[in-house]
Amino acid sequence: MKTSLISFLIIFLLCTTVVSAQQKNSYKKPDYDSIQNSYVGLTYVPIDIISLDGRHITNASLKGKVTWLNFWFEACPGCRNEFDKLNKLYDSLKNDPDFQFIAITYDKKETLLPFIKQFDLHYPVATVNSQIETDRLSYTHGYPTNIIIDKDGKVALVRWWLMEREAKYGITLQDAYKLIAQLKAAK
């Protein structure tokens, strides 16, 4: 009896170790967003904006690529804290034909251009007419909010922050890369 129990425990520990090692190489996407547990899997809300570099962004332009949407504003300390991590993410994926990145703010273009230069933002930025519109596009989650849209135009993830380490309401850069790769590989 004692030998059987010990054998069972050894086999159990070996199996859980193998499974745990396999799981480290993939991001386990939760089936909920970080705030209200309701948007994942839904078609992204209607969007029709123009980025500062002249790109027309609509729901149709979101399809066929994995899209990272970042919502922020100039006076937001948490938003500023993400800039370097977002630059790193964008720079590493900017030439990938299956990925696009758009940062969206309600700040005015006149103040935005010097701000982008001052903080050396590498990624495309679009501005909308009001905070109400930014709230609608970000599901009124506060700032910063990051939303990942899959190739079918459906919400894959909603998180507040791009984090250095794992946290309930954020996503790490490492996990972001894993999720983006999984979404790009999906049929």
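The values are calculated or read from the model by the stated rules, or taken from the named source; none is laboratory data. This is a predicted model, so every value here is computed, not measured. Cβ: placed from backbone, ideal geometry, glycine included. Neighbour counts: every protein chain shown.
Of all residues being among the acidic types (D, E) and more than 13 Å from I49 (Cβ to Cβ) in region 126-154, which is nearest to the chain's Cα centre (by Cα)? Just the residue, please. Full working, then the answer.
Step one: filter region 126-154 for residues among the acidic types (D, E), giving 133, 135, 150, 152.
If we keep only those that are more than 13 Å from I49 (Cβ to Cβ) as well, we get 135, 150, 152.
On the way: D135: 16, D150: 10, D152: 16 Å.
The qualifying residue nearest to the chain's Cα centre (by Cα) is D150.
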Modelled with pLDDT under 95, over 23 Å from I180 (Cα atoms) and not charged (D, E, K, R): is that true of G54 in this structure? yes
Those residues of region 117-142 that are in contact (Cβ under 8 Å) with a residue 60 or more places away in the chain and of a type in the set (A, V, I, L, M, F, W, C) come to a total of 4
